[in-house]
Amino acid sequence: MKQAIYVSAPGRINIIGEHTDYNGGLVFPAAIQQSVLCKLTPKDGLGLTFKALDLDDQFTIDLNDDFKPNAKSWVNYLLGVLHQLKKQNCQLGGFELKFHSSIPMGAGLSSSAALCCGFVAAINQCFDLRLSHWEMVKIAQKSEHEFAGVQCGIMDQFASIFGQKDQALLLNCLTEEYSSHKIDLEKYQLVLCDSMVKHELASTEYNTRREECIAGLAAFKERNPSIETISDIDWDDLIMEVAFMDDLHFRRLSFVVQENERVRASAKALATNNIQQLGKLMYQSHEGLEQLYQVSCEELDFLVDQTYQMPQVAGARMMGGGFGGCTINLVKRSFLPEFRDRIQYAFHQRFSLDTRFIEVEIGQGVSIISEDQLPDDSPLLSQLRQDI
């Protein structure tokens, strides 16, 4: 019998490039140190047991069972991965999976993608499936499509699998070409402000935006049949079509086209350590997400608006699918205590809520680790060594 497999799968931030991945565009994510930690122990037979330590919940099923979406939302990410592997006729056996996450849920840091990626990596290692990195990315993505009901792009899964320490990854989501860019923010720190809200619109509107982009692209292609994706559209050409398009679809396409340009410009700004330019592009991104793509919310807008009064903040924007979650901020390290105090006070005064601050460091992508690498000083992680 094989030994237990331990896998660390990180969450991600996205410096810029929101809602462009499923439109065949450019994104600029990075893996973070917060992660999902999985322990997969092979067992005799075909029985499967999933244990979510943070939720104190578990689920059992048999490999021969017909996998279908479950009422327990966390289970669906795992069943979705197994469903994809079964469709590919991968030879699996019974096992027990335990997992714990240090990624704040609902904060837009892709805890669900990290779970899917960590799980498929553990399965791949345990049963010697020899899946490539890209195959694991696609399996994790399809799990969310078919079992979680979110028509996400590949950015989250890509960042979790391919992430590199101290590097942001510039990815073309259509061609799947990517390049690494060292993150050196000098006197600045990337700080997330968690709004602590997730509005009900989040999941349904995410899929709606995707449908609106498809419809907008179809309208544009009526007069420009050679165009394949929104990301192929030049801004000057889009402006020429404004009179022939529905206003809503024009705004959606406008955001994607402009956001792609901001991603390119951000990579150049980071390469030259032009933090002020990078921050300016982040503010522009938020403005587009708020006004053109309409996926922000009052809490996120308020958090970003507060930073305009702080010259020590180079830039800020909402991050993730929208309607809640986090803003990402470029803050001078020396200003961090005052930044937290001022944001916390203003946010509580306005919404009677306390925001959560997350200072992120850029970490490694999915990694197979040994039991000896589990931190002894973390009581939550140490649970993975126990028979619960």
Note on the stretch 276-320: residues under 19 Å from L190 (Cβ atoms) and outside any helix (DSSP H, G or I) are Y308, M310, P311, Q312, V313, A314, G315, A316, R317, M318, M319, G320
Expected output for the stretch 54-65 (first residue without any contact (Cβ under 8 Å) to a residue 60 or more places away in the chain, partner in a strand (DSSP E or B) and small (G, A, S), Cβ below 9 Å, 6+ apart or cross-chain) is Q58/A52; F59/A52; T60/G47; I61/G47; D62/G47; D62/G94; L63/G47; L63/G94
Of those in the stretch 4-23 that are of a type in the set (G, A, S) and not in a loop (DSSP other than H, G, I, E, B), the residue surrounded by the most Cβ atoms within 10 Å (Cβ to Cβ) is A9
One residue is enough: does the stretch 346-358 have a residue meeting the conditions of a type in the set (S, T, Y), farther than 10 Å from L192 by Cβ and part of a helix (DSSP H, G or I)? no
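When you scan the stretch 178-198, do you find a residue that is among the charged types (D, E, K, R), more than 14 Å from the chain's Cα centre (by Cα) and open to solvent by less than 10 Å² (accessible area, probe 1.4 Å), even just one?
yes
The values are calculated or read from the model by the stated rules, or taken from the named source; none is laboratory data. Computed from a predicted model, the values in this text were never measured in an experiment. Every residue, glycine as well, gets a Cβ built from its backbone with ideal geometry; the counts of neighbours run over all protein chains shown. Note: accessible area is taken over every heavy atom of the protein model, side chains too, but ligands, DNA and RNA are not part of it. Shrake-Rupley method; radii C 1.70, N 1.55, O 1.52, S 1.80 Å.
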